[in-house]
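Structure first, commentary second.
Read-outs: derived from the displayed coordinates by stated rules, not from any lab. Just so we're clear, the structure is a prediction, and the values are computed from it rather than from any experiment. A quick note on method: Cβ atoms are made from the backbone with ideal geometry, for glycine too, and the neighbour counts reach across all protein chains shown.
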Amino acid sequence: MKRFRYMKAVSVREAIGILAAEPGAALMAGGTNLVDLMKYDVSTPTVVVDINGLPLHDITEQPDGGLRLGALVSNADVAYDPRITERYPLLSSAILAGASGQLRNMATVGGNLLQRTRCSYFYDVQVPCNKREPGSGCPAKTGLNRGHAILGASPLCIATHPSDMCVALSALDATILVEGLRDVRSIPFSEFHRLPGESPERDTTLEPGEIILAVDLPPLPPSMGYKVEATYRTSPENHHPMELFASTVVWGADKTITVYDKTQSPKSVQIYLKAAFLLFGRRVRVVSPYVGGAFGLGLRPQQSVFLAMLAAKALKRSVRVVIPRDQMYTLGYRANAIQTVSLGADEDGHLHALKQEAIAATSQYEDAQDPMLFFSGLLYGCENVKLAYKLAKLDHHLAMRHARPRRRDGNVCSRIRDGQVGIRNRPRPFGSPSGELYRLRPDGASQDEQQGPAGLLHAGR
């Protein structure tokens, strides 16, 4: 570590003055990133300015209903503040998703915004890095770059910003309050961090001598006039095809094995059989001339083809296995699921929020995922959509696809929810206006009483 001087600022103006007078000065709050950079000689400040004594440690209410986060508020204090968890849960979740409890206790709001990339080449002073030494090169472009940028990169740099909190602040349309030698100004969060472009050494749009004072969170949108939430449960559904499943294995003396099977994918059956029975030295041919109702059970090899191959290999002769009618139920099933659907609309009847969460069962040995929530994010012109899909590992065999795609189940839940709150949904082209919500007609109400908040009749289904 290079030698440096230590100074402690007692006011914002003093800190700004030191930065202006000392081009090699660096501010230190929690020091969780700066100290590491100094240890690796990536950052070599001539002066370290301790700003922990500045009055920037508070979270305050704003006149417009938003919140102001002081630049020196710790990440932990932000994440656990009741106002944040209630009004801005996205921000709280993002902070808690990163780092450790010890780091969150030390790291600050301003420091989180200004932390440097975690690119391994940036930290290794023995190799070139355009962000550390402009013009020296970017070995990450042809080296270890699994966690580097796909979008927004430049020919000079493909490093990414490491902050989870910054992603949430950008989504919330926060603004950053900074002060410099001349004045105080606000920077929209989307304009604070720079893409590498031709100057990868510059991470932000801060001018020399400027200090972050606070981050302003915007007020919440108007309260939803109408909110509904309900939970739907779908039971397990078992396959029961009309035709019996049968597989025939013709064991050839010339190391050729011909398999007649009901399958939608002969290639998959071939791959499974050769791997399971170590048949790589034999020619395995799978024939499925009459697939029938294959979608669902025919997507993956069933028990009959494995049992037939097992017997044929042991006996060295051709074998046919037919699954009897009373065992057809064991072939496959659609797992049970629990879905919670929430909708919110304003007093004018415009849908503003849709949340749908699903938990589906799967086995302990493989994750069976179905796109249950596929349509929910596409059907509505709604600016706030949250979709969450989770799997519960249970002690039973793997669920399988059915002829009716699982995504329809998720769509059904949203449509049922619509009917209960009276949303008249329109097909959603990109950029279309929101759906409209109308009051339900009370039981026994007349047609004249069926007026919605916008004065229009409920379009029932």
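Things worth noting here:
- Packing-based ranking of 65-73, 129-137 yields 65-73, 129-137, ordered from highest to lowest mean Cβ neighbour count within 10 Å.
- Since only THR263, SER186, ILE158 are under comparison, the one whose Cα sits farthest along the positive direction of the charge dipole of the stretch 156-264, derived from C-beta charges on Lys, Arg, Asp and Glu, is THR263.
- Bridge orientation summary for the stretch 246-326: considering DSSP beta bridges with both residues in this region, about 65 percent are antiparallel.
- In terms of other Cβ atoms within 10 Å, HIS148, HIS396 run from fewest to most in the order HIS396, HIS148.
- Phi to ³J(HN,Hα) by Karplus 6.51 cos²θ - 1.76 cosθ + 1.60 over the stretch 81-97, Hz, x for Gly, Pro: 5, x, 5, 6, 5, 7, 9, 10, x, 4, 5, 4, 5, 5, 5, 6, 7
- Student exercise, the stretch 17-97 dipole from Lys, Arg, Asp, Glu Cβ charges, in Debye to nearest 20: 100 debye
- Taking the Cα centre of the stretch 246-326 as origin and assigning +1 to Lys and Arg Cβ atoms and -1 to Asp and Glu Cβ atoms, the resulting dipole is close to 240 debye.
- Debye equation applied to the C-alpha atoms of the stretch 246-326, log10 I(q)/I(0) at 0.15, 0.23 Å⁻¹: -0.46, -1.08
- The alpha-carbon of LYS255 sits under 22 angstrom from the alpha-carbons of these lysines, leaving out residues fewer than 8 places away in its chain: LYS267, LYS274, LYS313, LYS316.
- Using the Cβ of ASN130 as centre and a radius below 12 Å, the other residues enclosed give a net charge of +1, where K and R count +1 and D and E count -1.
- Centre-to-centre separation between the Cα atoms of the stretch 28-92 and those of the stretch 125-154: 28 Å.
- Unsatisfied cross-links (Cα-Cα over 29 Å) in the set LYS39/LYS131; LYS227/LYS393; LYS8/LYS39: LYS227/LYS393
- Cβ-defined net charge surrounding GLU61, 9 Å radius [Lys, Arg +1; Asp, Glu -1]: +2
- Rg(Cα) / (2.2 N^0.38 Å) computed for the stretch 119-266, rounded to two decimals: 1.98
- Counted charge near PHE306, where neighbours are those whose Cβ lies closer than 15 Å (Asp, Glu -1; Lys, Arg +1): +4
- Exposure proxy ranking for CYS157, CYS382, based on other Cβ atoms within 10 angstrom of each Cβ and starting from the fewest, stands as CYS382, CYS157.
- Sorted by Cβ density within 10 Å, fewest first, the residues SER247, SER163: SER163, SER247
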